[in-house]
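Engineer: Sharing a structure with you now.
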Number of protein chains: 2
Amino acid sequence: MGDRERGQRQARAGRRDPDGRGAVTELSALRPLAGLRVVEISSFVAAPLAGMTLAQLGADVIRVDPIGGAADVNRWPLTEQGASIYWTGLNKGKRSLVADLRTAEGQDLVARVITESGPNGGILLTNAVGRAWHGYEALARRRPDLIHLEISGRADGSTAVDYTVNAATGFPLVTGPAEHQGPVNHVVPVWDVTCGLYAALAITAAVRHRDATGAGSRIAVPLDDVALATAGNLGFLTEAALCGRERPRLGNAIYGQYGQHFTSADGVAFMVVTLTGRHFRDLAQVTGAAAAVAALAEALGADFADEGVRFRYRDVLTGLFTTWFREHSAADIADALAGTSVLWDRYRSFAEVVAEPRVTDNPLFTVLDQPELGEHLAPGSPVSVNGEHSPARVAPRLGEHTADILGAELGLSEDAIAELRAAGAVGADIKERTSS
Amino acid sequence: MGDRERGQRQARAGRRDPDGRGAVTELSALRPLAGLRVVEISSFVAAPLAGMTLAQLGADVIRVDPIGGAADVNRWPLTEQGASIYWTGLNKGKRSLVADLRTAEGQDLVARVITESGPNGGILLTNAVGRAWHGYEALARRRPDLIHLEISGRADGSTAVDYTVNAATGFPLVTGPAEHQGPVNHVVPVWDVTCGLYAALAITAAVRHRDATGAGSRIAVPLDDVALATAGNLGFLTEAALCGRERPRLGNAIYGQYGQHFTSADGVAFMVVTLTGRHFRDLAQVTGAAAAVAALAEALGADFADEGVRFRYRDVLTGLFTTWFREHSAADIADALAGTSVLWDRYRSFAEVVAEPRVTDNPLFTVLDQPELGEHLAPGSPVSVNGEHSPARVAPRLGEHTADILGAELGLSEDAIAELRAAGAVGADIKERTSS
């Protein structure tokens, strides 16, 4: 990377907070939640992603952890030196407070940070279910306009995680190669991610309600309900309920449309999708199959202008198009498809992706100097406002802001903080996450 | 009091649609966006889901379609009678306006509905990219405080869809059975869903900013950037960039932890996950493998308290636990696991899911009498507020509210609307989506 380029990247990354405290609090279109204070007692993906998303919108988000960190503190992937890429990735731009969450004293301090935080505070985001001390009732007694959002596994408060919710919802039995027996889990933790975004949205909307009425909200976002609602909205559940059909396992074909993956002469896989008649005609044309498609249509009495008919005859169509893909190089295929309306892309590995201009020359990514990881390109918010992205900001070290928060927010003196540290009620000092 | 301020007060105070035509606009914790007016020019998943999510929060959302419907109007799944379950599922609780979007007259009417809609209107949500007439510049000339959100395939405005973005981002090469060659697409359109939720959040946050400053926002949410940001946040890209590692294809094993699927004596598949030492000890215990695990730990010098060590030795551990699963019935396995801390669930088909109390006895689902589909259980918002869900509401028929909207919002007379209909500038009447 040249100096000029580095300078531009740093400029895009924006200024580092001079005192390392984290929050940039100027209200702007890019930071519309500036001024809000959110406390997050969390672990793993959904709740941390919700908090990080609120931080990207300008909120001051304090992640609270027990001494030594929560159960996600050493979650893989790790660097060669053992730092959790996962933890830093999901906690960018937050402040960190560490306290002994098993003692009444530690609990009281955290409850005060949640509730004694000005008119735009009083917001708790948590996936730590069933802890009375930070349950709605206990905190709403301290602060009636509390916004309390709890992410649980299931609506009854019982435990479930993305992997188990996914198994229970139906997708793994229709994912994977058509000939495969048994479940195929997807790798993206889609329910965690979806749940985290619903949670960020619910808090933002609850703030609008509180601004207008003064009333708080008690919000629940169960992972299981997120998965069920999504499976319902997308028609998977409704189809089963109304039509009594089980959707088949289709490999990489697209249900009810024509889409498939193909492999080039030099072994590169392409995903090809046709959603409209024009897409499909272009695909037939570019693969030199237009006459053969027309002949098939006539012989079969099949109207390929109908997306369902294209789906029904997907195997013969795939067989027809396959020859062209197999006999052309990836470069030639890409050139030819680029001149059409067909929707397509080449499959890539994560290692290929990070080397592409799509990442290296994308304002979504800025160079982040994350102490435990070293400099790397990290994503900010995928939402740009007036042409700008909220850039990636450094994730805190565990407990990094404990003393700042106790001093500035609760007005504790340095001596009082030192006493709490000595008693073990709060994190003794900045603790390396990788030391356990 | 200025017009804008008055409008805000009205919106916050809440009002009921005087002629009872659908939108319940009383502000409440469950409907914190009551009073907002959002126009959606959309198709497929991301933008319709964003609009539906805003409607669930109380906004009045008008979906605008061209005459005959957009490209998603007949999208599968369909009922036996040919109605699109997909379309109704993603457009619940909206109003529908149909106009000829190819003519200047039709475009002008829609632009007026977007911009002449009171202080809490002026919000456009669209995935129809590159149409100058509803681009930011054209609409902001009519209404400077416009909130304009565009969902595109890629940040440069070029076309991409969930399937092609997914291929280009890395997940299909690490999804599926370990021995499989070639890409395995997942079935959930995760980037569409995620993109839609980011969009709903961005609009909600932009409204907060406009309420505070009077300024609008020009917002872009490219599918590709949503996928890249998520892959980055979750560590997939960062791991590849920092460590130069390609993550292996792991089947249903969980990266960096111990988790796997197992099959019972009677052929039922279970997903089993251990995220903590306690989970893992409980799994060893319940499967009668505690002594064998201890012996392995000693012989291998392996500390199974470390999640990474459990991952490294996942094959031998799976081999050990498999015997117990294979020799017990699903019922016995479920009973035994229920008494432990282990995270687990049984794989289910969509047909099984819809028959479970988890759907049939879940307040998330209510009976919806959707004319084209018939009565069925449909999900509302998966977010509950103060114990209540925003329930599913009927999806409109295409063009159902055209005349209402032109009359009430633009003040057009019945004669003027009849003329527009006769000229074909707006939908001639309620059109059945299934008639094309």
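The values are calculated or read from the model by the stated rules, or taken from the named source; none is laboratory data. These figures come from a predicted structure and were not determined experimentally. Heads up, the Cβs are rebuilt from the backbone with ideal geometry, glycines too, and the neighbour counts pull from every protein chain shown. With ligands, DNA and RNA removed, areas are computed over all heavy atoms of the protein, side chains included. Shrake-Rupley method; radii C 1.70, N 1.55, O 1.52, S 1.80 Å.
Engineer: Measure nothing but the geometry: give the 0 to 90° angle between the long axis through the Cα atoms of A:190-213 and the longest principal axis through the Cα atoms of chain A, rounded to 10°.
Structural biologist: 50 degrees
Engineer: Taking 8 Å as the Cα distance limit and 6 or more residues as the minimum spacing, I'd like the relative contact order of the stretch B:258-346 as a percentage. Write down the numbers at each step before the final one.
Structural biologist: Working: 113 pairs, mean separation 41.8, N = 89.
Once divided by the residue count of the stretch B:258-346, the mean separation gives 47 percent.
Engineer: I would also like to ask the following. Between residue B:312 and residue B:352, what length comes free when the chain is fully extended (0.36 nm per residue of separation minus the Cα-Cα distance, one decimal in nm)? Write down the numbers at each step before the final one.
Structural biologist: Details: separation 40, 0.36 × 40 = 14.40 nm, distance 3.47 nm.
Contour length minus Cα-Cα distance gives 10.9 nm.
Engineer: Suppose R0 equals 60 Å. What FRET efficiency, 1/(1 + (r/R0)^6) with r the Cβ-Cβ distance, do residue B:266 and residue B:418 give to the nearest 0.05?
Structural biologist: On the way: r = 66 Å, r/R0 = 1.10.
Here the calculated transfer efficiency is 0.35.
Engineer: Calculated from DSSP H runs of 4 or more alone, at -39500 (n - 2.57) each and per residue, what is the 222 nm mean residue ellipticity of chain B, nearest 500?
Structural biologist: Values: 18 runs with 174 residues, N = 436.
Result for chain B: -11500 deg cm²/dmol, rounded to the nearest 500.
Engineer: Ok, one more. How far is the Cα center of the stretch B:404-422 from the Cα center of the stretch A:91-150, in Å?
Structural biologist: For the stretch B:404-422 versus the stretch A:91-150, the Cα centre distance is 53 Å.
Engineer: Starting from a label point 7 Å past Cα on the Cβ side, list the distances from residue A:245 to the same position in the other copies, nm, shortest first.
Structural biologist: 4.3
Engineer: Distances from residue A:137 to the same position in the other copies: list them in nm, one decimal, shortest first, using label points 7 Å from Cα along Cα→Cβ.
Structural biologist: 6.1
Engineer: Same structure, new question: GNM, chain A, Cα, under 10 Å: largest mean-square fluctuation among A:343, A:30, A:410?
Structural biologist: For chain A, modelled as a Gaussian network with Cα springs under 10 Å, the answer is A:343.
Engineer: By how many degrees, 0 to 90 and rounded to 10, does the Cα axis of helix A:223-233 deviate from the longest principal axis of chain A?
Structural biologist: 30 degrees
Engineer: Another question, if that's okay. To the nearest 100 Å², how much accessible surface do chains A and B cover up together, summed over both, with a 1.4 Å probe?
Structural biologist: On the way: alone 21520 and 21440 Å², together 31150 Å².
Chains A and B together bury approximately 11800 Å².
Engineer: With labels modelled as points extended 7 Å from the Cα through the Cβ direction, what inter-label distance (nm, one decimal) is found for residue A:335 paired with residue A:133?
Structural biologist: 6.8 nm
Engineer: Which residue fluctuates the most in chain A, going by a Gaussian network model with Cα springs under 10 Å, if the choices are A:169, A:402, A:323?
Structural biologist: Top of the fluctuation ranking is A:323.
Engineer: Computing the accessible area with a 1.4 Å probe over protein heavy atoms, can you report the carbon and sulfur percentage for the stretch A:26-81? Don't jump to the answer; show the numbers that get you there.
Structural biologist: Working: 730 of 1290 Å².
With neighbouring chains kept in place, the figure for the stretch A:26-81 is 57 percent.
Engineer: For residue A:211 paired with residue B:305, estimate the spin-label separation in nm (one decimal), with each label point 7 Å from Cα along the Cα-to-Cβ line.
Structural biologist: Simple spin-label model gives 4.9 nm for this pair.
Engineer: Something else: How much of the accessible area of the stretch B:281-415, probe 1.4 Å, is carbon plus sulfur, in whole percent? Could the numbers behind the result be given before it?
Structural biologist: Working: 2960 of 6120 Å².
Carbon and sulfur together cover 48 percent of it.
Engineer: Using only the alpha-carbon atoms, how far is helix A:104-115 inclined from the longest principal axis of chain A? Give it as 0 to 90 degrees, nearest 10.
Structural biologist: For helix A:104-115, the angle is close to 70 degrees.
Engineer: Follow-up question, since we're still on this one. To one decimal in nm, how far is residue B:355 from the same spot in the other copies, if labels go 7 Å from Cα toward Cβ? Please give the shortest first.
Structural biologist: Taking the point 7 Å beyond Cα along Cα→Cβ, the inter-copy spacings are 5.2 nm.
Engineer: Suppose accessible area is computed on protein heavy atoms with a 1.4 Å probe; arrange B:195, B:243 from highest to lowest. Each step should come with its number before you reach the end.
Structural biologist: On the way: B:195 0, B:243 30 Å².
Ranked from most to least accessible, the order is B:243, B:195.
Engineer: What residue among A:96, A:42, A:381 shows peak mean-square fluctuation when chain A is described by a Gaussian network model with Cα springs under 10 Å?
Structural biologist: A:381
Engineer: On a C-alpha basis, how far is the centre of the stretch B:360-386 from the centre of the stretch B:322-341 in Å? Whole number, if you could?
Structural biologist: Result: 33 Å between the Cα centres.
Engineer: Moving to a separate point now. I'd like to check one number: the per residue accessible area of chain A, probe 1.4 Å, reported in Å² as a whole number.
Structural biologist: Values: 15610 Å² over 436 residues.
Result: 36 Å² per residue.
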